[in-house]
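The values are calculated or read from the model by the stated rules, or taken from the named source; none is laboratory data. Please read these numbers as outputs of a predicted model, since none were measured by experiment. Cβ placement follows ideal geometry from the backbone for every residue including glycine, while neighbour counts extend to all protein chains displayed. Ligands, DNA and RNA are excluded from the accessible area calculation, which covers all protein heavy atoms including side chains. Shrake-Rupley method; radii C 1.70, N 1.55, O 1.52, S 1.80 Å.
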Amino acid sequence: MISSLLAGAGVIFAVSPSNAADMPSRTTVKMTVTAASLAYGRNAPHINPEDVVVERGKRRLPVTGFVPAQGTHAGLDLFVLIDEASTPSLSIQLDDLRKFIRAQPATTAVGVGYMRNATVQLAQDLTSDHAKAANALRPPLGYSGAYGSPYLSAVNLMKQRPEHHNRREIVMITDGIDPAVRTLGMWELNPNPNVDSASNIAQRTGTIIHTIYASGARRSDRNYWKATSGQMDMARLSDETGGKSFYLGLEDPVSYSPYLDKLQEILDNQYLLSFSAVPEKKSGLQRVKLSTPIVGVVLSSHDGVWVPALRQAE
C-alpha cells in the first residue's frame, strides 16, 4: 500500500514540472489609457482594475494594475509641434495655445517645436516653466523645407527622447500633407508609409499623438485630394496611437479653444494600465483590444503594445 502511494507521488512529481514547462512565460507591459463617457458633458466614472478587459485575439490577458494618472502618477511630457508649412494666419490661434500651456498642472512638462525638413526645431525643450514654453510659440514660416514630412518630424523627435516613466503625448498642428511621399498624384488611394513609421514608433515608445488640422501655405495644399488625404492620415495616426484628431472639414476653426478644452478633458481622464503579455521569439508590437463592462464608458489607447522577445523578457 505504501509502495503504491509512493509510486503515485512519483507520477505526480514527474508530471508537475512538465505542466509548468507548458505554461507560457509572461512579462508585464504598460500603456496609457483614456477613459471617456459616451454621455455628453459627463466625465467617465472611476474605473477599477477588475473593470478592465485586455484581449489579444481570443485570449484574455491578466490586468496587474490600473491607476489614475494623478498624484504621484500624474507626470506628463507634452510636446506641441507646429508644421512650418502652415499658413502664417495660424498666429490668431497662438493665444489659445498659450492659455492651454499656461493652464497645465505642475506635473506636466511642456515642449514647443516646429516641424521642418523631417526634423523638429525645438523652440523650447521640455520645461515645467509653462510661461516660458508659452512664450516660445511664434507664427509658422509658411515653408517646411524640401523634405517636409510632419510624420518623419514626429519620428525624429520620438527617437531622440530618452525612456521615462512619465506619460508621453504630442499635439501635432498640421494639414497632414506629406511632400516627402511621391504617389504619382494618387494621394487618396495610397497608404502613406511615413504614417506607418510614425504610428509604429509611437506605439513602441508609448507616445500618444493628438492632431489638429491647420491649412497649409503651399499652393499645392489647396488640392482637394491632397488635403483630404492629409487629413485622413492625421486621423489614422491619432486613432492608432490612442489620440484624438480635431478638424472642421478642410476649414480652419475660428478658435482652437473647443479643441483644447476637449484635449484637456482627455488628459484629465487617463489611467496607467499594466498587464501580463506573452512574449514571442522576436520583440515586436502585439495588437490588443481594451474594453470595460461599465455601460457608457469607452477605453482608448494604442492599437498595440511593445513586448520584448522571450529571452529578453526572462
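A few notes on this one:
- Long-range HN-HN contacts of Ser283 with modeled amide H, under 5 Å: Ala309
- Cβ charges +1 (Lys, Arg) and -1 (Asp, Glu), total dipole of region 79-164, debye: 80 debye
- Seen against the Cα atoms of the chain and their longest principal axis, helix 257-267 is set at about 20 degrees.
- When the chain is treated as a Gaussian network with alpha carbon springs shorter than 10 Å, the biggest mean-square fluctuation among Gln231, Gln160, Gln104 belongs to Gln160.
- To put it simply, the accessible area of the chain at a 1.4 Å probe is 54 percent carbon and sulfur.
- Against the chain, whose longest principal axis is taken from its Cα atoms, helix 224-240 shows a tilt of about 30°.
- Helices in the chain, meaning DSSP H runs of at least 4 residues, each add -39500 (n - 2.57). Divided by all residues, the mean residue ellipticity at 222 nm is -9000 deg cm²/dmol.
- When the charge dipole of the chain is built from unit charges on Cβ atoms (+1 for Lys and Arg, -1 for Asp and Glu) and taken about the Cα centre, the candidate among Ser245, Ile173, Gly65 whose Cα reaches farthest toward its positive end is Gly65.
- Taken per residue, the accessible surface of the chain reaches 51 Å², heavy atoms only and a 1.4 Å probe.
- 3J(HN,Hα) along region 269-284, derived from phi through the Karplus expression 6.51 cos²θ - 1.76 cosθ + 1.60 where θ = phi - 60°, amounts to 10, 10, 10, 9, 9, 10, 8, 8, 9, 9, x, 10, 5, 10, 5, x Hz, with x in place of Gly and Pro.
- The aspartates and glutamates whose alpha-carbon is closer than 19 Å to the alpha-carbon of Lys281, local same-chain residues fewer than 8 away aside, are Asp22, Glu314.
- Positive end of the dipole of region 191-298 (Cβ unit charges, origin at the Cα centre): among Leu285, Thr205, Leu260, the Cα lying farthest that way belongs to Leu285.
- Computed 3J(HN,Hα) for region 42-49, one whole-Hz value per residue from the Karplus formula 6.51 cos²θ - 1.76 cosθ + 1.60 where θ = phi - 60°, is 10, 7, 5, x, 4, 10, 8, x, glycine and proline marked x.
- Estimated dipole of the chain in Debye, rounded to 20 [Cβ of Lys and Arg +1, of Asp and Glu -1, Cα centre]: 500 debye
- Under 5 Å between amide hydrogens, built in the peptide plane, is the criterion, and for Val80 it picks out Gly111, Val112, Gly113, Val171 among residues at least 5 positions away or on other chains.
- Under 5 Å between amide hydrogens, built in the peptide plane, is the criterion, and for Ile208 it picks out Arg168, Glu169, Ile170 among residues at least 5 positions away or on other chains.
- Lysines with Cα under 25 Å of Lys282, excluding same-chain neighbours fewer than 8 positions away: Lys30, Lys58, Lys159
- GNM on the chain, alpha-carbon springs under 10 angstrom: the most fluctuating residue among Ser283, Ser215, Ser86 is Ser283.
- A simple count of charges around Lys289, restricted to other residues whose Cβ falls under 12 Å of its Cβ and scoring Lys, Arg +1 and Asp, Glu -1, yields +3.
- Phi to ³J(HN,Hα) by Karplus 6.51 cos²θ - 1.76 cosθ + 1.60 over region 207-214, Hz, x for Gly, Pro: 9, 8, 10, 9, 10, 10, 6, 9
- Max mean-square fluctuation residue, GNM over the chain, Cα-Cα springs under 10 Å, options Ala74, Ala35, Ala106: Ala106
- Between 0 and 90°, nearest 10: helix 193-205 axis offset from the chain longest Cα axis: 50 degrees
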